[in-house]
Amino acid sequence: MNGAWPRQSPSLAFLGLAGIGVAIGLMHLPLSLQLSITMTYQTSTIRTLVMLLYPIAMALTGLGAVLAMKRPGWAGPGILRVAGMALCVLLFASLRLNFLTHNLTVLVGAWVAHLSAIGLWYVSLGAGQTVFLAWIRRSRPELVGPAWGVHLVGLMVGYLLSEASVVHVGANAVLLGGALALMALPRASLLALLPVLFLFRGLDVDVLLEDFRAFDDRMRVNDDSDPNWKSQRSRKVRKSAPEREYLGWSRFGQVQVFEANERIATHYNLKHQHEFRPTERESGKDDAGGSRAKRGRKRRGGQRTHIRQALYALFPPEAQVVMVGVGSGRSLLLLTQGPSITAVERDPAAAHFFAAVRPELNGGVFTDGVLVVADGRFALETLQEPVDGIILESSHYQPSQALLPATSTHYLHTEEAIESYLNNLTPSGVLIAEFTRVGEARSHQYVPVHVVATLQKLGASFTVFRSGTLETVTIVASYSEAATEPFVAALDRMDAEQVTKGWNPAWDRKQNALTDDQPFAGWQTFDARPRTFILASGGGLMLLTMLVAGVMRRRARNHAWNATTWFFVLGYAHTGLQLHAFHAWRTYFGDQLITVLWLIVAFLAYGAVGSALVEPIRALSKRRQLLLTALLLFAHVALMAGLPFSSSAWIRWLYAALALLPGGLLMGFWLPLGLRRADTGGLGVWLAADALGTLAGAGAIYLLMVPLGGTVYLIPAVLAYLWLAYRWTGTEQ
């Protein structure tokens, strides 16, 4: 080990670990959003491969750990300034050298730039974290557990603040504010960040930075018949010198609303979604008295509005109807009979604009008693009584993780979801599921084909209708044939140019069912070549991590306890247990991303408790440590198997507080136990091995979870934890 150790004290080391934790947690969401929003126009395969960038960059914390042990003198204020510079580079790359291009050379350059920036961020913080831990291990080894617990508390605080900062300040401004705070006042960056963010919010810095993003000339689409017409339309809207009405961020991404040529256009993650005239009414007539039906036949998407009018008019005034995926809410104007409506919109930013900023655009239909901001599956799953109608108006449905097409979960239309919707209907209730642009690409047909197969499997009565050049598919279903008859008859009476009964999809290959255990609709649409490529990438990533860990193990043979393999397995076990939990809890707290956020917070909180218990656990015999690990694993799995998704809110929260305890404790005490036993000289190698194991766990998603399901993915993680306890001797080096 070279270089002088910086002067420390227990309090300074604890504060440093807490601060690094806050920084990692606070910047995770804006970093992820910057990656995802510029990937919108790329193919599923490219987006999936780029997804590997983030876990690779996170694994570079191990490189920072190794460098810190070789040059501990580097891990002072200078390393934090380097972390701030990394955020600046990432922000510049996302705004200018981003993925909004089809040029392969530019794409590679963007990938390298983003990996370098995010990697440097994690290398810097990994180095600082390691020096603090190493100092505590050398001077006060009994404080290793509490120190790691303090770091976990810092992470928890950062994650708790991350969404609020993005929503109120903007992802662009949060990154810039964090960078400036770290570079200007590295030791007091957290104290400096708060006033900086308040200043940026008042000056609309996020909007100024967004205007700097390279977009218009990066996506080249030939004409309006191009399959990528949405990017064409986005460029046309932006080049018409529109007035930006709104720029908002949420945990899902970015929402922009423009007004140009007397039309309102909404863009989600820089992609055109839909547009309309603010004065246009859903009455079937335009302002000049002409037939909107004639105009509708020329629009992309066909006769969607007329089909909705015919169906929605059949609900009586007293009917209880839940409409999912309402977007701007203008479809609620078609429910002219005035039934009791529950309108469900997943993205908080979009809902906020149409409910609070410009409510007149949808006639003020988003009242407090109508609008529910949540995932559709959650809203329908938690219904307290049956309803007369469920409308899945998923015209512009986008998975909650735009960055990860192969692993994006699609819980809205799984077998279990469709069955629960039918069970939540009254005897005369109907389920209406809409899918637009189904004829645009064969991959768009998988979900409606799956829904039809599920309805057949459940023995439900259903009819399928299609309309428009690009085929809008509408499915009307119920367990009662009598309930569907009026709706089917209404569409049968429409002109054949508007709607046709029956649908002959071009989907001609066998596919797995979409289930809660395997909800990966994107994976089902991939052909053999991209599947093989993605599987090979995941397998290659795992193999590479194991090879590097093997080299590290051979080079660490002089240590009394060569802990390389043990820490590698620990990283894999921790990642596997946590990622499976994200999968199993799906939309438990409202939507998938807020659920992931709460799981992270709970695991960190309980992990801090586990870290504080390191010394008592260390005093146990090996047999008791193994028994404790097995009991916690059993409780973790058993409690997850009985999650009360459909129960009332207070039951769900109380159950969650109990169910997350075993896994959090387990993930909290094993790492500080290992650090407590291992010698300080190899600390950088051990932490690097742990980071490599984390990367291997991420790669295993493609080999196990996506093709085989979440349950299969969990098994190696459980075995890994049992192996850790079995191989543990507890003898301090």
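Could you grab me the full set of residues in the range 516-561 that are part of a loop (DSSP other than H, G, I, E, B) and either among the acidic types (Asp, Glu) or without any contact (Cβ under 8 Å) to a residue 12 or more places away in the chain (or both)? Correct list: Asp516, Asp517, Asp527, Arg557, Asn558.
Name the residue that is farthest from Ser646 (Cα to Cα), counting only residues in the range 360-376 that are assigned to a helix (DSSP H, G or I) and of a type outside the set (A, V, I, L, M).
At the first step, the residues of the range 360-376 found to be assigned to a helix (DSSP H, G or I) are 360-362, 376.
This time we only want the ones that are of a type outside the set (A, V, I, L, M), so: 360, 362, 376.
Details: Glu360: 34, Asn362: 31, Gly376: 13 Å.
My answer is Glu360.
Between Ala127, Ala83, Ala113, Ala93, the distinction of being crowded, with 24+ Cβ neighbours inside 10 Å, closer than 23 Å to Glu210 by Cβ, of a type outside the set (Phe, Trp, Tyr) and in the same structural domain as Ile37 (by TED's automatic domain parsing) belongs to Ala93 only. Taking into account only those residues within the range 360-402 that are of a type in the set (Ser, Thr, Tyr) and modelled with pLDDT under 90, which is surrounded by the most Cβ atoms within 10 Å (Cβ to Cβ)? This residue is Ser400. Using the structure shown, decide if Ala698 is assigned to a helix (DSSP H, G or I) and closer than 30 Å to Asn558 by Cα. So Ala698 fails the test. I'd like to check something: does the range 606-625 contain any residue that is surrounded by fewer than 19 Cβ atoms within 10 Å (Cβ to Cβ), among the aliphatic types (A, V, I, L, M), under 23 Å from the mean Cα position of the chain (by Cα) and part of a helix (DSSP H, G or I)? No, the range 606-625 has no match at all.
Only residues that are more than 23 Å from Asp517 (Cα to Cα) and surrounded by 16 or more Cβ atoms within 10 Å (Cβ to Cβ) were counted in the range 626-666, giving 5.
Would you mind finding the one in Leu104, Leu52, Leu67, Leu95 that is touching a Leu at 6+ places or on another chain (Cβ under 9 Å) and modelled with pLDDT of 75 or more? Reasoning before the result, please.
Working: Leu104 fails: touching a Leu at 6+ places or on another chain (Cβ under 9 Å); Leu52 fails: modelled with pLDDT of 75 or more; Leu67 fails: touching a Leu at 6+ places or on another chain (Cβ under 9 Å).
Just a single option satisfies the conditions, and that option is Leu95.
The criterion of being within 18 Å of Leu660 (Cβ to Cβ), in the same structural domain as Ile651 (by TED's automatic domain parsing) and buried (at least 22 other Cβ atoms within 10 Å of the Cβ) holds for Gly576. Of all the criteria given as (1) modelled with pLDDT under 80; (2) in contact with a strand residue (DSSP E or B) (Cβ under 9 Å, 6 or more places away or on another chain), the one not satisfied by Ile37 is (1).
Each row is one residue, and each column tells you yes or no for (1) part of a helix (DSSP H, G or I); (2) modelled with pLDDT of 95 or more; (3) touching an Asp or Glu at 6+ places or on another chain (Cβ under 7 Å).
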position: Phe645; (1), (2), (3): no, yes, yes
position: Leu658; (1), (2), (3): yes, yes, no
position: Pro662; (1), (2), (3): yes, yes, no
position: Pro672; (1), (2), (3): yes, no, no
position: Leu675; (1), (2), (3): yes, no, no
position: Gly682; (1), (2), (3): yes, no, no
position: Leu687; (1), (2), (3): yes, no, no
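The values are calculated or read from the model by the stated rules, or taken from the named source; none is laboratory data. Nothing here was measured: the structure is a model prediction, and the numbers come from that model. FYI the Cβ positions are ideal-geometry reconstructions off the backbone, even for glycines, and counts take in every protein chain you see.
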